[in-house]
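Here the structure comes first, spelled out in structure tokens, and everything after it is commentary.
The values are calculated or read from the model by the stated rules, or taken from the named source; none is laboratory data. Because the structure is predicted, anything quoted here is derived from the model rather than measured. Cβ atoms come from the backbone with ideal geometry, glycine included; neighbour counts cover every protein chain shown. Side chains included, ligands, DNA and RNA excluded: accessible areas come from the protein's heavy atoms. Shrake-Rupley method; radii C 1.70, N 1.55, O 1.52, S 1.80 Å.
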Amino acid sequence: MSVAGSFPGYAGSSPGPVMDRDEADRALARLGAEHEAIETSLLALQDHAGRRLLEGAELTGATRDRWATTERSITLLWTYFDAYSAALGTAREVRARRRWPNRDDLVELTDLLRGDGITVAGSATGTDPLAAGPARLSERFTPAELVGRMNELYARSLDMVVSCDSVWSALPARIDLLAAELRRTRSLAHSVGVRPGEHPAGDDLEGITQELGTLRAQVVSDPLAFWLPGPGSAAPGGGRPDTSRYDRAARALEDVRREIEAVLAVRQDAEQRLVHLRDVLSRADRTLAEARTARGEVLAKIAASEVPAVSGPPTALQEQLVAASDYRRRAQWHRLSPLLESLEREAEDELLRARESLTAVTAPLAVRAELRGRLDAYRAKVARHGLAEDPLLIERYDAARRMLWSAPCDLRVAEQAVLRFQHAAAELLSPRPPSESWDRRGGS
């Protein structure tokens, strides 16, 4: 509910020259307008929703202390207003005596409208937080001074009421919505086995539940603890609610919700992922078995070669796979989720290691195959040039072929033999002078 920000000001002065009739009438009209505005503002403050909530709430902390002061200020405002109303009524009575007031009437009106003739008992002003100095039996005000005092008290009271009402309008409803979302998330978490003491997300949910309960109770009982005044703002209610604790709880719940969704995704595709894991580990086992077989073949066919050993199948991964299947069977999705993630990484690593082991073991056979291919390629080349019957080439080809097609094969010696054949073939294929060719074939 909106309430006027302050009472209208009054530009009065200390009694001076006696007012004439027109000045007195204008002053009375101005005071009447001020009286109406003040009454409207006080009634609006009386009916303000925030004030009604403050009256019915069990307050604590700074809000309790400030509301006690504000209640006294509101009571004093009405006391001041009654004194102001009485002074205005007296001035109106004096003016109503005659259509054309005499000098005595004008002197009395001047004193009422400009002088400090409004008296408030000390028992009332003693509760005024704006009053300075020791308590007095009574205090006297000019109309302008009294309006100024009421303006200040009203602004302070309205600021307190509006601030509390803003916090209560902003935070409890948002906390209740977040609490409803928290209940849905907890129900979903329990369905997938995420519970306090069994999963970190379950502990987080328990902590968020306690935080929201504590936060709501504190917001309801001490709203001013969650109010941030606006910098340099003199208007009542200038500032905003402090939502930092609520925002942290909302972010924490969102993080937990994403984790629960990840666990739900595990429940939906757990069987497919387990099948894929079994396939990857099976391929790794077959590759290792192939590597062991190939190692025996290499040791039998290749001499003077260092062949790396081949490890056995990864029993630890198989045991973890059995545990993962057991988690799925028992619907322990919160345990299955991290285990599947680690198993998928380790299974792919194991398959890569098995392939690298097979490549390393069969490397000597690949070298022998490359040497055989190179030897046959050069023999075909010299045959195309009609040099296949050259005695030197036949001799060197037969020597290299015996080494490469015999077991065990010494790869270093066989490579040298292939190189000698290559060099001889290259020498014959390069163009030479006729005399040099006769010397090589027939001798000198």
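Go through the range 226-282 residue by residue and tally those that are at pLDDT 80 or above, part of a helix (DSSP H, G or I) and within 30 Å of LEU177 (Cα to Cα).
Qualifying residue count, the range 226-282: 19.
I want to confirm something. Restricting to the range 382-396 and keeping residues that are assigned to a loop (DSSP other than H, G, I, E, B) and among the hydrophobic types (A, V, I, L, M, F, W, C), which single residue is least open to solvent (accessible area, probe 1.4 Å)? Steps first, answer last, please.
Initial filter on the range 382-396 (assigned to a loop (DSSP other than H, G, I, E, B)): 385-390.
Now restrict to residues that are among the hydrophobic types (A, V, I, L, M, F, W, C): 387-388.
Values: LEU387: 27, ALA388: 43 Å².
Of everything passing the filter in the range 382-396, LEU387 is least open to solvent (accessible area, probe 1.4 Å).
For (1) surrounded by 17 or more Cβ atoms within 10 Å (Cβ to Cβ); (2) under 30 Å from ALA407 (Cβ atoms); (3) under 38 Å from the mean Cα position of the chain (by Cα), each residue gets a yes or a no:
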residue	(1), (2), (3)
SER244	no, no, yes
ALA250	yes, no, yes
ARG257	yes, no, yes
ALA265	no, no, yes
HIS276	no, no, yes
ALA309	no, yes, no
LEU321	yes, no, yes
ASP326	no, no, yes
ARG329	no, no, yes
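Quick one: PRO134 ticks every box in (1) assigned to a loop (DSSP other than H, G, I, E, B); (2) modelled with pLDDT of 80 or more except a single one, so which number is it?
(2)
Step by step: first the residues of the range 350-376, then only those that are free of Cβ contacts under 8 Å to residues at least 12 places away in the same chain and either surrounded by 14 or more Cβ atoms within 10 Å (Cβ to Cβ) or of a type in the set (Ser, Thr, Tyr) (or both), then the one that is nearest to LEU419 (Cα to Cα). Which residue is that?
Quick first cut of the range 350-376, residues free of Cβ contacts under 8 Å to residues at least 12 places away in the same chain only: 352, 356, 359, 363, 366, 369-370, 373, 376.
Within this subset, residues satisfying the condition of being either surrounded by 14 or more Cβ atoms within 10 Å (Cβ to Cβ) or of a type in the set (Ser, Thr, Tyr) (or both) are 359, 363.
Numbers: THR359: 25, ALA363: 20 Å.
That would be ALA363.
Please verify whether ASP222 is crowded, with 16+ Cβ neighbours inside 10 Å and either of a type in the set (Asp, Glu) or over 30 Å from TRP405 (Cα atoms) (or both), treating the condition exactly as stated. Explain how you work it out, then say what you get.
Values: crowded, with 16+ Cβ neighbours inside 10 Å: yes; either of a type in the set (Asp, Glu) or over 30 Å from TRP405 (Cα atoms) (or both): yes.
Against the criterion (crowded, with 16+ Cβ neighbours inside 10 Å and either of a type in the set (Asp, Glu) or over 30 Å from TRP405 (Cα atoms) (or both)), ASP222 qualifies.
Among the residues of the range 177-219, how many are in a helix (DSSP H, G or I), more than 17 Å from ARG248 (Cβ to Cβ) and in contact (Cβ under 8 Å) with a residue 12 or more places away in the chain?
Going through the range 177-219 one residue at a time, the tally reaches 4.
If a residue must be over 13 Å from VAL18 (Cβ atoms), open to solvent by 60 Å² or more (accessible area, probe 1.4 Å) and of a type in the set (A, V, I, L, M), how many such residues does the range 90-115 contain?
1
VAL298: outside any helix (DSSP H, G or I), touching a Ser or Thr at 6+ places or on another chain (Cβ under 9 Å) and not acidic (Asp, Glu), yes or no? Reasoning before the result, please.
Values: outside any helix (DSSP H, G or I): no; touching a Ser or Thr at 6+ places or on another chain (Cβ under 9 Å): yes; not acidic (Asp, Glu): yes.
Against the criterion (outside any helix (DSSP H, G or I), touching a Ser or Thr at 6+ places or on another chain (Cβ under 9 Å) and not acidic (Asp, Glu)), VAL298 does not qualify.
List every residue pair whose Cβ atoms sit under 7 Å apart, with the two residues 6 or more apart in sequence or on different chains, where the first one lies in the range 307-320 and is over 13 Å from THR287 (Cβ atoms) and the second, anywhere, is open to solvent by 50 Å² or more (accessible area, probe 1.4 Å) and modelled with pLDDT of 75 or more.
Every condition considered, the pairs that remain are VAL307/ARG295; VAL307/LEU299; LEU317/GLU346.
Considering each of GLY16, GLY5, GLY89 in turn, give the residue that is within 30 Å of TRP227 (Cα to Cα) and modelled with pLDDT under 90. Write out each step before concluding.
Details: GLY16 fails: within 30 Å of TRP227 (Cα to Cα); GLY89 fails: within 30 Å of TRP227 (Cα to Cα).
Result: GLY5 is the single residue among GLY16, GLY5, GLY89 that is within 30 Å of TRP227 (Cα to Cα) and modelled with pLDDT under 90.
Report the residue count in the range 361-411 for those that are in contact with a Lys or Arg (Cβ under 7 Å, 6 or more places away or on another chain) and hydroxyl-bearing (Ser, Thr, Tyr).
Within the range 361-411, residues that are in contact with a Lys or Arg (Cβ under 7 Å, 6 or more places away or on another chain) and hydroxyl-bearing (Ser, Thr, Tyr) number 1.
Kindly provide the set of residues from the range 168-218 that are under 16 Å from ASP242 (Cα atoms), in contact with a Lys or Arg (Cβ under 7 Å, 6 or more places away or on another chain) and of a type outside the set (Val, Ile, Thr), ordered by number.
Going through the range 168-218, the residues under 16 Å from ASP242 (Cα atoms) turn out to be 168-175, 211-212, 214-218.
From what's left, in contact with a Lys or Arg (Cβ under 7 Å, 6 or more places away or on another chain): 172, 175, 215.
The answer is PRO172, LEU215.
When you scan the range 296-308, do you find a residue that is of a type in the set (Val, Ile, Thr) and modelled with pLDDT of 85 or more, even just one?
Pass one, the range 296-308, residues of a type in the set (Val, Ile, Thr): 298, 302, 307.
With modelled with pLDDT of 85 or more added as a condition, the list becomes none.
For the range 296-308, residues of a type in the set (Val, Ile, Thr) and modelled with pLDDT of 85 or more: absent.
Take the range 145-165 and flag every residue that is out of contact with any strand residue (DSSP E or B) (no Cβ under 6 Å at 6 or more places or on another chain) and either open to solvent by 50 Å² or more (accessible area, probe 1.4 Å) or under 24 Å from LEU215 (Cα atoms) (or both).
Residues of the range 145-165 out of contact with any strand residue (DSSP E or B) (no Cβ under 6 Å at 6 or more places or on another chain): 145, 147-162, 164-165.
GLU145, GLU152, ARG156, ASP159, MET160, VAL161, VAL162, CYS164, ASP165 - these are the residues of the range 145-165 that are out of contact with any strand residue (DSSP E or B) (no Cβ under 6 Å at 6 or more places or on another chain) and either open to solvent by 50 Å² or more (accessible area, probe 1.4 Å) or under 24 Å from LEU215 (Cα atoms) (or both).
Go through GLU254, GLU297 for me and flag whichever is without any contact (Cβ under 8 Å) to a residue 60 or more places away in the chain and not polar (S, T, N, Q).
Working: GLU297 fails: without any contact (Cβ under 8 Å) to a residue 60 or more places away in the chain.
So the residue among GLU254, GLU297 that is without any contact (Cβ under 8 Å) to a residue 60 or more places away in the chain and not polar (S, T, N, Q) is GLU254.
Restricting the search to the range 176-219, which residues are open to solvent by less than 60 Å² (accessible area, probe 1.4 Å), β-branched (Val, Ile, Thr) and closer than 29 Å to LEU53 by Cβ?
Passing the criteria: ILE208, THR209, VAL219.
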